[in-house]
Amino acid sequence: MKAFITHTNIKIKHPDAIILVRNGDFYETFSRDAQDVSRICGTTLTTIPTGQEQTMFPYLVLDTYLPKLIRAGKRIAIYDAM
């Protein structure tokens, strides 16, 4: 839930960027950002109890997914909640 609130607050400041929030060993993203990441990177899209869509991936694969997102024309903002 904390990652969702953080994502929402950063999204207000950077509405044109995909917001990736590092939470422990994973990067998480929500709503429209989650849909985009899921479609581009092939991650699983789920629905959290708040009703928002979410996708996540291990921080170790950031070097694989980040270039895919950039090649797809997406701006990325990364927030490390650790």
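Can you name every residue in segment 65-82 that is outside any strand (DSSP E or B), out of contact with any helix residue (DSSP H, G or I) (no Cβ under 6 Å at 6 or more places or on another chain), touching a residue at least 12 places away in the same chain (Cβ under 8 Å) and among the basic types (Lys, Arg)?
Correct list: Lys74 only.
Restricting the search to segment 45-68, which residues are hydrophobic (A, V, I, L, M, F, W, C) and in contact with a Lys or Arg (Cβ under 9 Å, 6 or more places away or on another chain)?
Within segment 45-68, the subset hydrophobic (A, V, I, L, M, F, W, C) is 45, 48, 56-57, 60-62, 66.
Correct list: Leu45, Leu62.
When only residues in segment 37-59 that are in a helix (DSSP H, G or I) and in contact (Cβ under 8 Å) with a residue 12 or more places away in the chain count, which is nearest to Arg75 (Cα to Cα)?
First, the residues of segment 37-59 that are in a helix (DSSP H, G or I): 37-41, 59.
Applying the additional criterion that residues be in contact (Cβ under 8 Å) with a residue 12 or more places away in the chain yields 37-38, 40-41, 59.
On the way: Val37: 12, Ser38: 15, Ile40: 13, Cys41: 15, Tyr59: 18 Å.
Out of the qualifying residues, it is Val37.
The rows are residues; the columns are (1) of a type in the set (A, V, I, L, M); (2) at pLDDT 95 or above; (3) under 10 Å from the mean Cα position of the chain (by Cα).
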residue	(1), (2), (3)
His7	no, no, yes
His14	no, no, no
Asp33	no, yes, yes
Thr46	no, yes, no
Gly51	no, no, no
Leu62	yes, yes, no
Tyr65	no, yes, no
Ala72	yes, yes, no
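Is it fair to say Tyr79 is under 13 Å from the mean Cα position of the chain (by Cα) and closer than 13 Å to Phe4 by Cα?
Details: under 13 Å from the mean Cα position of the chain (by Cα): yes; closer than 13 Å to Phe4 by Cα: yes.
Answer is yes for this residue.
With respect to Ala34, is the statement that it is buried (at least 16 other Cβ atoms within 10 Å of the Cβ), outside any helix (DSSP H, G or I) and out of contact with any Phe, Trp or Tyr (no Cβ under 6 Å at 6 or more places or on another chain) true?
Answer is no for this residue.
Only one of these is exposed (fewer than 13 other Cβ atoms within 10 Å of the Cβ), out of contact with any Gly (no Cβ under 9 Å at 6 or more places or on another chain) and of a type in the set (Ser, Thr, Tyr): Thr47, Thr29. Name it. Lay out the reasoning, then the answer.
Details: Thr29 fails: exposed (fewer than 13 other Cβ atoms within 10 Å of the Cβ).
That would be Thr47, the only listed residue that is exposed (fewer than 13 other Cβ atoms within 10 Å of the Cβ), out of contact with any Gly (no Cβ under 9 Å at 6 or more places or on another chain) and of a type in the set (Ser, Thr, Tyr).
Just need a number here: residues in segment 3-30 that are in a helix (DSSP H, G or I) and without any contact (Cβ under 8 Å) to a residue 24 or more places away in the chain. Give the derivation first.
Let us first name the residues in segment 3-30 that are in a helix (DSSP H, G or I), namely 3-13.
From what is left, the residues that are without any contact (Cβ under 8 Å) to a residue 24 or more places away in the chain are 5, 8-9, 11-13.
Within segment 3-30, residues that are in a helix (DSSP H, G or I) and without any contact (Cβ under 8 Å) to a residue 24 or more places away in the chain number 6.
The values are calculated or read from the model by the stated rules, or taken from the named source; none is laboratory data. All values reported here derive from a predicted model rather than from experimental measurement. Please note: Cβ atoms are built from the backbone with ideal geometry, for glycine as well, and neighbour counts cover all protein chains shown.
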